[in-house]
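Working notes for the structure below.
Every number here is computed from the coordinates shown, using simple stated rules; none is lab data. Quick caveat: nothing in here was measured; it's all calculated off a predicted structure. Reconstructed Cβ throughout: ideal geometry from the backbone, glycine too, with neighbour counts over all protein chains shown.
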Amino acid sequence: KGALLAHGYTARATHAIAERLDLSSADVSLGVTSLASSYHLVANLLPGIHRAVSIGVRKQWDPGAVWQEMDERGVTLFVGNPLVLGDLLRECRARGRKPGAFQKCVSGGAPVPPDLKRAYSAELGAALVESYGQSELGGFVALGYPRKEPEERFFAIGPGLPDRETRVVDEQDCEQPVGQPGELVIRGGVMLGYWNMLDKTQAAVRGGWLHTGDMGVMDAEGYFTLLGRWSERIVSGGKVIYPRYMEEALLRHPAVHYAGVIGKQDPAAGQIPLGIVELHAGQTVTPEALRAHCAAILGEAGSPEAVIIIPQMPMTPTGKIGKQELIRLYGGLG
């Protein structure tokens, strides 16, 4: 779908992002993603232009080459997704240090695993700023600060930005109390509509509010935590399960490179959670050991029913795990 964004509110949104990230002309950035990605536009290019940042763009991801470029160019801000940031952390560990000027990074496209966020702070002394947005916005719904947060908010994304209003609602569009999960809906500074798709526009924007299809929760300080896509929820025996915590548990195993959890069709329960992983090169582990690893962290009831290991994780053009492809390949009966 093509989302039509107006210039004015996109400029306003990315000015707010530059301010939240505390960017200045002293900063040097590097973003590794497709130029067609709206995330790259609002996390690297436009905020950098607002503050005269020396902006770097790189299409191909190669951890060693990127680390070297960051060190040589004096990159202070790196923009990527959790998968790329995990690779960069391992490259820093292998070299025994971070790139010399590196201070902060922005992550988007998927929730950040807690261990990754903590490692950037503890090992690299760099702030990992989590973001949450959509192509329909021309900006972010929520964005963290480049600083260490109190422990109770350490794993939240961050508060909303001042250019738009965000609510958490139930299935009847009634606002949820603080701490209760629901769908995130947004008003102000959203798309004009989908290009030549009036029906889809009307389905997404109702009563002036853009329905994101993402499930989250807001705390008393206005900080948002993302639970997952409504379309990716797993309904097992009548219970709604969001894959995030199972995926994070799988990623805590040292042999696991990438992890995704999907709903696999089941004749008795409707769906069961299935963990799918790609291992690091040269690593070996059994599916049974991975499931036991999850159970030790989450308990039996909160763990995948099964885990499979695949040679290569399907990825989208913007560097995210291809969840729909995983569902197509592994989500059916049998």
Note to self: I want to verify a result. In a Gaussian network model of the chain, Cα cutoff 10 Å, which of these has the top mean-square fluctuation: A94, A43, A249?
What the structure shows: A94
Notebook entry, point to check: Name the residues of region 202-227 whose amide N is less than 20 Å from a point 7 angstrom out from the Cα of Y145 along the C-beta direction?
Noted result: 218-226
Next item on the list: Compute the longest continuous run of the chain that contains no exposed chymotrypsin sites (Phe, Trp or Tyr not before Pro); treat a site as exposed when its DSSP state is not H, G, I, E or B and it has at most 15 other Cβ atoms within 10 Å.
Entry: 1-153
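Summing -39500 (n - 2.57) over the DSSP H runs of n ≥ 4 in the chain and dividing by its residue number, what mean residue ellipticity at 222 nm do you reach, to the nearest 500 deg cm²/dmol? Please report the intermediate quantities before stating the final value.
Details: 9 runs with 90 residues, N = 334.
Counting only the DSSP helices, I get -8000 deg cm²/dmol.
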Notebook entry, point to check: What spacing in nm lies between the two simple spin-label points modelled at I308 and S54, each 7 Å away from Cα in the Cβ direction?
Noted result: 4.8
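In terms of the Cα gyration tensor, with a ≥ b ≥ c the square roots of its eigenvalues, is region 233-274 rounded because a/c is under 1.5, prolate because a/b exceeds b/c, or oblate?
Working: a/c = 3.55, a/b = 2.33, b/c = 1.52.
It is prolate, given that a/c is not under 1.5 and a/b is the larger ratio.
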Margin query: Taking the Cα of K1, stepping 7 Å toward and past its beta carbon, and measuring to each backbone N in region 122-136: which are under 13 Å?
Written below: 134-136
Notebook entry, point to check: If you keep only loop residues by DSSP, which GluC sites (Glu not before Pro) in region 238-334 have at most 13 other Cβ atoms within 10 Å of their Cβ?
Noted result: E300
Note to self: Can you compute 3J(HN,Hα) from phi for each residue in region 275-286, using the Karplus curve 6.51 cos²θ - 1.76 cosθ + 1.60 with θ = phi - 60°, rounded to whole Hz and x for Gly and Pro?
What the structure shows: x, 10, 10, 10, 8, 5, 4, x, 9, 9, 6, 8
Margin query: Taking a ≥ b ≥ c as the square roots of the Cα gyration tensor eigenvalues, with a/c under 1.5 meaning rounded and otherwise prolate when a/b beats b/c, else oblate, which class fits region 269-334?
Written below: oblate
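For region 82-197, what is the charge dipole size about the Cα centre, in debye to the nearest 20, if Lys and Arg each add +1 at the Cβ and Asp and Glu each add -1 at the Cβ?
Numbers: 14 positive and 16 negative charges, 183 e Å.
Charge dipole of region 82-197: 880 debye, to the nearest 20.
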Note to self: Cut-off 15 Å, label point 7 angstrom out along Cα-to-Cβ of R73: give me the residues of region 318-334 whose amide nitrogen falls inside.
What the structure shows: none
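Which value, in debye to the nearest 20, gives the size of the charge dipole of region 54-94 about its Cα centre, when Lys and Arg are +1 and Asp and Glu are -1 at the Cβ?
Numbers: 5 positive and 6 negative charges, 23 e Å.
The calculated dipole for region 54-94 is roughly 100 debye.
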Note to self: Going by amide H atoms built from the backbone, whose H comes under 5 Å of the H on G213, apart from near neighbours?
What the structure shows: L184
Check: Quick one: Cα centre-to-centre distance for region 61-117 and region 130-162, in angstrom?
Finding: 19
Note to self: Starting from the 7 Å offset along Cα-to-Cβ, what nm value, one decimal, do you get for the label separation of R252 and A36?
What the structure shows: 3.8
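Of the GluC sites (Glu not before Pro) in region 180-234, which ones lie in a loop per DSSP and count no more than 13 other C-beta atoms within 10 Å?
Loop-located and lightly packed - E221.
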